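Questions regarding the structure given below will be posed in turn.
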Amino acid sequence: MPTPHPSLPSLHELPIRRLTLEDLTACADLSEDRGWLREEHKWGLLLAAGTGYGIDDPSGKGLVTACVVTSYGPGLSAVGMVLVAERYARQGVGRRLMRHVVAEAGDTPLTLHATPNGQPLYEELGFAVTGRAEMLKGRFTFAEPAPGIPTRPATAEDLPAIVRLDTQVFGLDRTHMITRLPAFADQVRVAEEQGVITGYAAAWPNMDTHVVGPLVARDTATAQALVASLARHTDRPLRTDIDERHENLRDWLKANGLATIMFNAVMNLGIPDLPGDWNRRFAPLTVAAG
């Protein structure tokens, strides 16, 4: 535990401020400090589309703590990237930041994906476990064939239909996130039947992998076809976070070379379950934003 400098304020006195894109490097440094990937590309999206909160280290060494909240209107906000610098761990600063986030949210329900280490804090703040997501990673092998459902690259003309489908499935309007996908992702593909888009998926770069998300599809077969089509157009390993209720998709991914990396608990505050249709929501854009 660091020894406080006599001229520096205590952790409990340090102001919590809004983060901006100018804080991207400091956020990535904080990720690296805790043994996470730097994930600058993802931080850029979250800071641009959401609201970041953080506390500056009084010594001038970056951030003490940070997180990002992505709003979907009064119906839901997603909390992600909750991090505390190793040198300030176990001193209550993460709890203070999360209490601030909860207070700022007011009556707006909150959701987050919690690691086993973070879950006790969120439970203390009133969050309840409502589900679980399984993170999978590996080189896609094509050992288990995908259904022969046609897919194609999404075009600019598809974007309104993609947003409409996403709103139906997610249960809330996240246009501000979905319209960023063409610039954020390396691939966006759609499944289409008789001129109607029945699913879509993106693959975005994250260090040495491509993360598959969002993955929205009419059924498991369509989800499989979309993942396989993304895999055909990348030489990177794939990573994705699958709702544990989608056992058939998870088992198919494992048969095609992906393996379990970890589990996250889906936790909510102020709402018993997430809105929308989980049957067609297979993977989030990112666990940090839902």
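The values are calculated or read from the model by the stated rules, or taken from the named source; none is laboratory data. As the structure is a computational prediction, the values presented were derived from the model and not from experiment. Cβ coordinates were reconstructed from backbone atoms using ideal geometry, including for glycine residues, and neighbour counts include every protein chain displayed. All accessible areas refer to the heavy atoms of the entire protein, side chains included, with ligands and DNA or RNA removed. Shrake-Rupley method; radii C 1.70, N 1.55, O 1.52, S 1.80 Å.
Any chance region 125-142 includes a residue that's surrounded by 15 or more Cβ atoms within 10 Å (Cβ to Cβ), β-branched (Val, Ile, Thr) and closer than 24 Å to Ala191 by Cα?
no
Exactly one of (1) more than 24 Å from Gly270 (Cβ to Cβ); (2) at pLDDT 95 or above is unmet by Ala103. Its number?
The one condition Ala103 does not meet is (1).
When both residues are 6+ apart or on different chains and their Cβ atoms are under 6 Å apart, which pairs have a first residue that lies in region 151-172 and is of a type in the set (D, E, K, R), and a second that is assigned to a helix (DSSP H, G or I)?
Note: pairs meeting the criteria are Asp166/Ile178.
All but one of (1) open to solvent by 40 Å² or more (accessible area, probe 1.4 Å); (2) in a strand (DSSP E or B) hold for Pro15, so report the exception by its number.
Condition not satisfied by Pro15: (2).
Sticking with this structure for a sec: Within region 233-240, does at least one residue satisfy the condition of being among the hydrophobic types (A, V, I, L, M, F, W, C) and over 16 Å from Arg152 (Cβ atoms)?
Yes; the residues of region 233-240 include at least one that is among the hydrophobic types (A, V, I, L, M, F, W, C) and over 16 Å from Arg152 (Cβ atoms).
Would you please list the contacts, defined by Cβ atoms under 7 Å and residues six or more apart or on different chains, that run from a residue in region 195-210 that is closer than 20 Å to Asp158 by Cβ to a residue that is among the aliphatic types (A, V, I, L, M) and assigned to a loop (DSSP other than H, G, I, E, B)?
Here the result reads Tyr200/Ala154; Ala202/Ala185; Ala203/Ala185; Trp204/Ala185, each pair linking region 195-210 to a residue that is among the aliphatic types (A, V, I, L, M) and assigned to a loop (DSSP other than H, G, I, E, B).
Here's a follow-up. For region 143-178, what are the residues that are of a type in the set (Gly, Ala, Ser) and either in contact with a Lys or Arg (Cβ under 6 Å, 6 or more places away or on another chain) or crowded, with 17+ Cβ neighbours inside 10 Å (or both)?
Ala146, Ala154, Gly171
So Leu249 clears everything in (1) free of Cβ contacts under 8 Å to residues at least 40 places away in the same chain; (2) in contact with a helix residue (DSSP H, G or I) (Cβ under 8 Å, 6 or more places away or on another chain); (3) farther than 18 Å from Ala133 by Cβ except one condition, right? Which one?
(3)
A further question on this structure: Among the residues of region 28-70, count how many are of a type in the set (S, T, N, Q) and either open to solvent by 10 Å² or more (accessible area, probe 1.4 Å) or more than 15 Å from Glu86 (Cα to Cα) (or both).
3
Moving on. Only one residue in Val93, Val102 is open to solvent by 30 Å² or more (accessible area, probe 1.4 Å) and among the hydrophobic types (A, V, I, L, M, F, W, C). Which one?
Val102 is the lone residue from the list that is open to solvent by 30 Å² or more (accessible area, probe 1.4 Å) and among the hydrophobic types (A, V, I, L, M, F, W, C).
Here's another thing I want to ask about it. Evaluate region 78-87: report whether one residue or more is surrounded by fewer than 16 Cβ atoms within 10 Å (Cβ to Cβ) and out of contact with any Lys or Arg (no Cβ under 8 Å at 6 or more places or on another chain). Let's see the steps before the verdict.
Our first condition is that a residue be surrounded by fewer than 16 Cβ atoms within 10 Å (Cβ to Cβ); within region 78-87, this holds for 86-87.
In the following step, the residues that additionally are out of contact with any Lys or Arg (no Cβ under 8 Å at 6 or more places or on another chain) were identified as 87.
There is at least one residue in region 78-87 that is surrounded by fewer than 16 Cβ atoms within 10 Å (Cβ to Cβ) and out of contact with any Lys or Arg (no Cβ under 8 Å at 6 or more places or on another chain).
Moving on to the next point. Within region 113-120, identify whether any single residue is more than 19 Å from the chain's Cα centre (by Cα) and open to solvent by less than 70 Å² (accessible area, probe 1.4 Å), and answer yes or no.
no
Checking the conditions here, which among Ala161, Ala201, Ala156, Ala146 is more than 17 Å from the chain's Cα centre (by Cα), under 20 Å from Asp241 (Cβ atoms) and of a type in the set (A, V, I, L, M, F, W, C)?
Numbers: Ala161 fails: under 20 Å from Asp241 (Cβ atoms); Ala201 fails: more than 17 Å from the chain's Cα centre (by Cα); Ala156 fails: under 20 Å from Asp241 (Cβ atoms).
Unique residue meeting the criteria: Ala146.
While we're looking at this one, here's another question. Quick one: is Asp23 modelled with pLDDT of 95 or more, under 17 Å from Val101 (Cβ atoms) and of a type in the set (D, E, K, R)?
Judged against the criteria, Asp23 is a match.
Which one is nearest to the chain's Cα centre (by Cα), of the residues in region 19-38 that are under 20 Å from Pro205 (Cα atoms) and among the polar types (S, T, N, Q)?
Selected residue: Ser31.
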